[in-house]
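The values are calculated or read from the model by the stated rules, or taken from the named source; none is laboratory data. Bear in mind that the values here come from a model prediction, so they are computed numbers and not experimental data. No Cβ is skipped: glycine too gets one built from the backbone with ideal geometry, and neighbour counts run over all protein chains shown.
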Amino acid sequence: MIEIILLQLFVLILFAKIAAIVFEFVRLPPLVGEIVAGIIIGNTFIFDLLQLGTNIEVLSVLAEIGVIFLLFAIGLETPFSDLKRVGGTAILVAILGVIFPFIFGFLLIVSSGFPQIEALFIGAAMTATSIGITARVIKDMNIMNSIESKVIIGAAVIDDVLGLVILAMISGIASGGAMDIVDTVMVAALAVLFVVAVVFVGSGLLPKVRKQVHEFRTPTPVMRARRKISPLAVAIIVCFGLSAAASYFGLAAIVGAFLAGMVFAEFKDLFPIGEQFEAINEFLVPFFFLYIGISVNLSTFGGVAILALMITFVAIATKFIGCGLGAYRLGVKSAAIVGVGMAPRGEVGLIIASVGLTIGSISNDMFSIVVFMSLLTTLAAPLLLTYTFNWKMGRTARF
């Protein structure tokens, strides 16, 4: 067993790195290369040769840990004070970025002759932004400190909460014919309470703790003993702890990881762990994008290609318009950056669609459409984000 797993890891990481280097050489985002590498592996003889079908859980776990650490690293570059400065804009971006895709996605599916419940699930899948995709592009471009990046990250976290509310409502309608208002409100309230509690601790209490740590930095026997536990180990514990808590409250684990990173952002000058996480992420993060690619079954797209392309176009356009309007106060170029940065659906859209598939509310063909939409928005967003950032910074605007 261990021999085949080691072979899988060797081939997967080798393919990912080669693809990333090739795509970077032709001035395309490396993560797109990693996704394409996953598509090739998942749709050729390589998948069976590596026996990935029998050990896909291993790759799934590595992918989940990879995106958790990626969001933690992004959080390290986003102190609570920075996020508070763009809070109003991020909220507006998130709200408009949910309303526009949901309404137009629903209308498109209904007008195409599909049942309303399927249209509701497709509309819901179109609302959710995949923070992991955009976060990787932002990190690769080294633009984490830009105001647009902070708005995108903040809005994506809020997006997750709004997506949870919509999913809870639609699931209630699908399973019982009516939604349970009390349960929906309770789930949403717990999710909001979790985020608010972490933000409150981070913005209110941590600066005081930081001051105390700074004042008592003179080594003592007790402090020397405590240093046997490295800051990296403490960071990993907090990262996994808040990720688990976020899952418990119904949010994506990556939201908890991002908030954990923001906690340590308040102490990054005292505990510089960013470079250590960079080394870890160099290994783990590519598995997330490989897994997205491997999950794509190209053979299912033939019969639904036209509708899938239409949905993908609406998915990108509605996020661009809705989120762009929300960020319009930042200027036209910044609004365009935020609009395309919120476009990728990635794993979040797939999760919502999988719920509908599990309870029998959407068909396999419709699920394939969501996969297609998630894939294309995931591939398009890094290219468009690179283009719009170069446009704003006055560099040659190219993909």
- request: Among the residues of the range 246-286, write down those that are under 16 Å from ALA233 (Cβ atoms), in a helix (DSSP H, G or I) and in contact with a Lys or Arg (Cβ under 9 Å, 6 or more places away or on another chain).
  value: GLY274
query: ILE229 fails exactly one of the following numbered conditions: (1) at pLDDT below 60; (2) at negative phi; (3) more than 28 Å from the chain's Cα centre (by Cα). What is the number of that condition?
result: (1)
- prompt: Is it the case that GLY105 is in contact with a helix residue (DSSP H, G or I) (Cβ under 6 Å, 6 or more places away or on another chain) and in a helix (DSSP H, G or I)?
  reply: yes
- prompt: Looking at VAL98, is it over 20 Å from GLY339 (Cα atoms), assigned to a helix (DSSP H, G or I) and at pLDDT 90 or above?
  reply: no
query: Within the range 346-358, can you find the residues that are more than 15 Å from ALA315 (Cα to Cα) and modelled with pLDDT of 75 or more?
result: GLY356, LEU357
- request: Quickly run through the range 37-49 and pick out the residues that are surrounded by fewer than 19 Cβ atoms within 10 Å (Cβ to Cβ) and among the aliphatic types (A, V, I, L, M).
  value: ILE40, ILE46, LEU49
Test: residue in the range 339-347 that is touching a Phe, Trp or Tyr at 6+ places or on another chain (Cβ under 9 Å), surrounded by 22 or more Cβ atoms within 10 Å (Cβ to Cβ), under 19 Å from ILE131 (Cα atoms) and free of Cβ contacts under 8 Å to residues at least 60 places away in the same chain: yes
field: Of residues in the range 295-323 being closer than 22 Å to ALA37 by Cα and touching a Leu at 6+ places or on another chain (Cβ under 7 Å), the one modelled with the lowest pLDDT
entry: VAL296
- prompt: Under the condition of being surrounded by fewer than 24 Cβ atoms within 10 Å (Cβ to Cβ) and among the β-branched types (Val, Ile, Thr), which residue from the range 130-156 is farthest from LEU376 (Cα to Cα)?
  reply: ILE147
Which numbered condition THR318 misses (of (1) within 18 Å of the chain's Cα centre (by Cα); (2) assigned to a helix (DSSP H, G or I); (3) crowded, with 24+ Cβ neighbours inside 10 Å): (1)
